[in-house]
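The values are calculated or read from the model by the stated rules, or taken from the named source; none is laboratory data. Computed from a predicted model, the values in this text were never measured in an experiment. Counting neighbours? That spans all protein chains shown, and the Cβs are built from the backbone with ideal geometry, glycine included.
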Amino acid sequence: MVGDTNLFLQDKGEEEGEDVLQVQVAEAEIMIAEEGARGKGMGWEAMCIMLWYGAKKLGINLFEAKIKVSKCSAQSLFIRLLRQVLLFTRCLC
């Protein structure tokens, strides 16, 4: 094992007019502990699988990520993921 990914689940209600919409929210987290395993795409693959599982199997419709300013590699990973999601969403329209 070189690291782990996590989804921390929470329910949030959003008011829209008189209705309250239930929003399934998950904070996504990844950690590659083994220095020799970093930069090889394992984090990308693991996070893609985890986000797919959260969306398809758990019904998550909003993901959050908290990233330290000093973690450039994590920032670029989540920016790449966001671009992929936007491209995928655009293809579905």
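Within region 22-55, the set of residues being farther than 12 Å from LEU7 by Cα, among the β-branched types (Val, Ile, Thr) and loosely packed, with under 14 Cβ neighbours inside 10 Å comprises VAL23 only. If you go through region 4-51 and pick out every residue that is part of a loop (DSSP other than H, G, I, E, B) and either closer than 21 Å to ILE67 by Cα or modelled with pLDDT of 85 or more (or both), you end up with 6. Output yes when any residue across region 56-66 is of a type in the set (D, E, K, R), at pLDDT below 80 and either surrounded by 16 or more Cβ atoms within 10 Å (Cβ to Cβ) or not in a helix (DSSP H, G or I) (or both), and no when none is. There is at least one residue in region 56-66 that is of a type in the set (D, E, K, R), at pLDDT below 80 and either surrounded by 16 or more Cβ atoms within 10 Å (Cβ to Cβ) or not in a helix (DSSP H, G or I) (or both).
Only one of the numbered conditions (1) surrounded by 12 or more Cβ atoms within 10 Å (Cβ to Cβ); (2) farther than 17 Å from ASN6 by Cβ is not met by ARG83, and that is (1).
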